[in-house]
1. Being crowded, with 22+ Cβ neighbours inside 10 Å and either in a helix (DSSP H, G or I) or on the phi > 0 side of the Ramachandran plot (or both), is that true of even one residue in segment 134-142?
2. Which ones in segment 181-219 are small (Gly, Ala, Ser) and in a helix (DSSP H, G or I)?
3. If a residue must be within 24 Å of residue 112 (Cα to Cα), in contact (Cβ under 8 Å) with a residue 12 or more places away in the chain and among the charged types (D, E, K, R), how many such residues does segment 1-43 contain?
4. Quick check: anything in segment 233-251 closer than 25 Å to residue 365 by Cα, touching a Phe, Trp or Tyr at 6+ places or on another chain (Cβ under 6 Å), basic (Lys, Arg) and in contact (Cβ under 8 Å) with a residue 40 or more places away in the chain?
5. Check segment 99-106 and report whether any residue there is more than 24 Å from residue 192 (Cα to Cα), over 18 Å from the mean Cα position of the chain (by Cα) and open to solvent by 20 Å² or more (accessible area, probe 1.4 Å).
6. Scan segment 258-285 for residues that are over 16 Å from the mean Cα position of the chain (by Cα), crowded, with 19+ Cβ neighbours inside 10 Å and not in a loop (DSSP other than H, G, I, E, B) and jot them down.
7. Six or more apart or on different chains, Cβ under 6 Å: which pairs go from a residue in segment 44-58 that's open to solvent by 80 Å² or more (accessible area, probe 1.4 Å) to one that's among the charged types (D, E, K, R) and not in a helix (DSSP H, G or I)? Could you list them?
8. For segment 8-15, does any single residue satisfy the condition of being closer than 30 Å to residue 349 by Cα, of a type in the set (A, V, I, L, M, F, W, C) and open to solvent by 40 Å² or more (accessible area, probe 1.4 Å)?
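The values are calculated or read from the model by the stated rules, or taken from the named source; none is laboratory data. Note that the structure is predicted; figures quoted are calculated from it, not measured. Positions of Cβ are backbone-derived with ideal geometry, glycine not excepted, and every protein chain shown enters the neighbour counts. Protein only, heavy atoms only, side chains kept; ligands, DNA and RNA dropped before computing areas. Shrake-Rupley method; radii C 1.70, N 1.55, O 1.52, S 1.80 Å.
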Amino acid sequence: MPQLADKYICSGCHACYNICPKNCIIMEKDSEGFLYPRIDEQNCIHCGRCSNICPVLHKYNGNPKGYAYACINKNEEIRMKSSSGGVFNLIAEWTIERGGIVFGAAFDKQLNVKHIGVESKKDLYKLRGSKYLQSRIGDAYKAAEQYLKQGRIVLFTGTPCQISGLKAYLGRSYDNLIMQDLICHGVPSPDIWQKYLAYQEKVHGCRVDRESLPAFRLKDKSWKRYSVSFNLLNDTEYRETLDRDLFMRAFLSNVCLRPSCYRCHSKSLERESDITLADFWGVGSIMPEMFDDKGTSLVFINSETGKKLFGEISGDMIFKETDIDRAAGCNTASFKPCAEPKKRGWFMENVTADNFEQCVKRCARKSPVSRVKNKIKRIIKGMCT
């Protein structure tokens, strides 16, 4: 029987699921809500393709360390609808204008996240914005391959491990493929998200509207202190800042991430993608002229494909080159996995919709605002002694 990656390093990238010639790999949810591959032994022909292309078992080389830019989309409306500087929309529009297709993460009717393909500019809103959940790849690699073989431009966006999965699955390069990843903090369990929604419905006494899309990064008041927002069926909106929203507190405290995120194999400045997008945290100190608290993108150019693409869209951006090591120093998730909290196991085992708030308060770090207040108190106390 072929050997798959150990559960604690498997990223759930779906490469093995897509490569199996007999469709005998099933992605099953474990008790924490994460998907893992299981081989149907009765139908397996022992070809070994699944284990041979696993990007965790066989590390693929990334591109040499590239260049970094601070970028802002000149279209202020699109920028404000985006998580950071609105660069993704420029890349996606460029692709669609040339008859291409864009793959990315989108909410479904149950507010879970899955990868879909978009061929129209009017549908790009489905892919725009951060979604702090692990996206189900499904058959997206197979679909992307079919479009590539037809000669169409394919922009495939995802987490670094999903880009690794795509490259492993394809097994060859395509001139018409653009791979764009992001600087990933880690992926929370979709089940934790559903428990959070159920908790909110209990608190508000009303169902969450599944027809309207939630926003994890609403920044009309502040980019640095963004808000989570979703609609309820009683025509009201829930909105709370990242330091007060319970899901964001759990996510940013690392207590609900996939086990492989704590030992991520994709953390590196030598990235497998052509271009990397992220929030440019620290831009205010590195280049204050590119900061206005409305969102600035950090862009890594990792390949010649990425370089050419950047040149194509640069006329629609305000941009300035920066030192990649200095920028990464303010965005350590680009090269360093987060630590696994001691309370993670307890949280994942015990959290429910009924006790969601209590579990978060017990296991999550204090909010950023609380930590700053406590630091100021310690400083003042030190000055007074």
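1. To start, the set of residues in segment 134-142 that are crowded, with 22+ Cβ neighbours inside 10 Å comprises 134-135, 137, 140-141.
After this cut, where a residue has to be either in a helix (DSSP H, G or I) or on the phi > 0 side of the Ramachandran plot (or both) as well, the list is 140-141.
Yes, because at least one residue in segment 134-142 is crowded, with 22+ Cβ neighbours inside 10 Å and either in a helix (DSSP H, G or I) or on the phi > 0 side of the Ramachandran plot (or both).
2. Of the residues in segment 181-219, the ones small (Gly, Ala, Ser) are 186, 189, 198, 205, 212, 215.
198 - this is the single residue of segment 181-219 that is small (Gly, Ala, Ser) and in a helix (DSSP H, G or I).
3. 5
4. no
5. Step one: of segment 99-106, the residues more than 24 Å from residue 192 (Cα to Cα) are 99-103.
Those still in the list that are over 18 Å from the mean Cα position of the chain (by Cα) too: 99-101.
Checking which are open to solvent by 20 Å² or more (accessible area, probe 1.4 Å) leaves us with 99.
Scanning segment 99-106, I find at least one residue that is more than 24 Å from residue 192 (Cα to Cα), over 18 Å from the mean Cα position of the chain (by Cα) and open to solvent by 20 Å² or more (accessible area, probe 1.4 Å), so the answer is yes.
6. 283
7. As it stands, the answer is 45/22, since those pairs meet every condition given.
8. Step one: list which residues in segment 8-15 are closer than 30 Å to residue 349 by Cα, which gives 8-15.
Checking which are of a type in the set (A, V, I, L, M, F, W, C) leaves us with 9-10, 13, 15.
Imposing the further condition that a residue be open to solvent by 40 Å² or more (accessible area, probe 1.4 Å) reduces the set to 9.
The answer is yes; a qualifying residue exists.
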